[in-house]
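What follows is a single structure, written as structure tokens, with notes after it.
The values are calculated or read from the model by the stated rules, or taken from the named source; none is laboratory data. As the structure is a prediction and not an experimental result, all values here were calculated from the model. Cβ coordinates were reconstructed from backbone atoms using ideal geometry, including for glycine residues, and neighbour counts include every protein chain displayed. Each accessible area value is taken on the protein alone, full model and side chains, heavy atoms only, with ligands, DNA and RNA left out. Shrake-Rupley method; radii C 1.70, N 1.55, O 1.52, S 1.80 Å.
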Amino acid sequence: MIALIDYGAGNLRSVHKALRYLDADVRLVTEPGGLKEANAVVLPGVGAFDDCLNALRKQELLEACREFLRSGRPFLGICIGYQALFEKSEEFNSCAAGLGIFPGKVVRFSAGTGLKIPQIGWNQIEIARPDCPLFRDIPNGSYVYFVHSFFPRPVDDFIVAIHTTYGEAFASAIWKGNVFGTQFHPEKSQKVGLQLLKNFLELPS
């Protein structure tokens with residue numbers, strides 16, 4: 001069973017539809033008990049960092065997520081769900097603490113690049129960790145879909161699985177053990193995104 005966390009602000013419909021397309025047994029989870037029996041968890045997200053973390057805290061899902069992450073079962077954070085894995089964000093003078101699974105903070109694209117912020121649309125990936133199981137059968141240079149103004153800046157470069165360049169290079173996906181995160185939206189990335197989600201579903205739990 002795949003638990004898809006519903007905290008009232010995530011991009012649930014598209015993610016749910018993509019997972020169902022892949023024949024996953026996916027269930028929407030709104031309270032801590034829903035994570036106990038899950039084989040894997042997906043934390044999606046759109047919107048603001050603080051809104052996500054505050055909603056998770058209100059639903060008592062923050063500590064439940066930390067407990068699940070410690071269990072060794074696969075966990076995938078998407079967009080804000082990826083950013084939430086880090087310690088804090090610079091977004092809108094953010095006050096909420098992240099899950100703190102990885103050291104680092106979420107920062108905004110530099111305005112000096114002349115590029116439009118947020119980045120909205122297709123961009124390429126540069127695979128830094130070919131051994132990452134999430135990107136099996138996904139060619140280097142593939143295009144994926146982004147909608148974001150902020151991105152995590154990990155302290156540990158080794159967890160960076162993929163880079164993408166938008167005025168500057170940034171960590172567009174991370175991996176360590178059972179924990180994966182993508183700044184892009186697999187559920188909107190067509191064939192490449194479906195392959196990524198298929199790879200996630202096939203991970204041992």
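Summary table below
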{"item": "Out of TYR82, TYR21, sole residue that is of a type in the set (Ser, Thr, Tyr) and surrounded by 18 or more Cβ atoms within 10 Å (Cβ to Cβ)", "result": "TYR82"}
{"item": "Residues being at negative phi, touching a residue at least 24 places away in the same chain (Cβ under 8 Å) and loosely packed, with under 13 Cβ neighbours inside 10 Å - total across region 127-148", "result": "0"}
{"item": "Residue pairs meeting the criteria (Cβ under 6 Å; at least 6 apart or on separate chains; first more than 12 Å from GLN119 (Cα to Cα), in region 154-171; second among the charged types (D, E, K, R))", "result": "ILE159/LYS176; ALA161/ARG129; HIS163/GLU126"}
{"item": "Qualifying residue in region 43-60 (condition: touching a residue at least 24 places away in the same chain (Cβ under 8 Å), part of a strand (DSSP E or B) and not small (Gly, Ala, Ser))", "result": "yes"}
{"item": "One residue from GLN124, GLN119 being over 30 Å from ASN39 (Cβ atoms), modelled with pLDDT of 95 or more and open to solvent by 60 Å² or more (accessible area, probe 1.4 Å)", "result": "GLN124"}
{"item": "Selection from region 132-165 of residues that are of a type in the set (Phe, Trp, Tyr) and farther than 20 Å from GLY47 by Cα", "result": "PHE135, TYR143, PHE158"}
{"item": "Qualifying residue in region 187-197 (condition: crowded, with 21+ Cβ neighbours inside 10 Å, hydroxyl-bearing (Ser, Thr, Tyr) and within 17 Å of ALA40 (Cβ to Cβ))", "result": "no"}
{"item": "Positions within region 165-182 being over 16 Å from CYS132 (Cα atoms) and either hydroxyl-bearing (Ser, Thr, Tyr) or surrounded by 22 or more Cβ atoms within 10 Å (Cβ to Cβ) (or both), in sequence order", "result": "THR165, TYR166"}
{"item": "Residue list for region 49-60, filter: open to solvent by less than 60 Å² (accessible area, probe 1.4 Å) and out of contact with any helix residue (DSSP H, G or I) (no Cβ under 6 Å at 6 or more places or on another chain)", "result": "ASP50, LEU53, ALA55, GLN59"}
{"item": "Enumeration of residues in region 78-118 that are more than 27 Å from ALA40 (Cβ to Cβ) and assigned to a loop (DSSP other than H, G, I, E, B)", "result": "GLU90, SER94, CYS95, PHE109, SER110, GLY114, LEU115, LYS116, ILE117, PRO118"}
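Conditions (1) of a type outside the set (Val, Ile, Thr); (2) outside any strand (DSSP E or B), marked per residue:
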position	(1), (2)
ILE120	no, no
ILE138	no, yes
VAL147	no, no
ALA161	yes, no
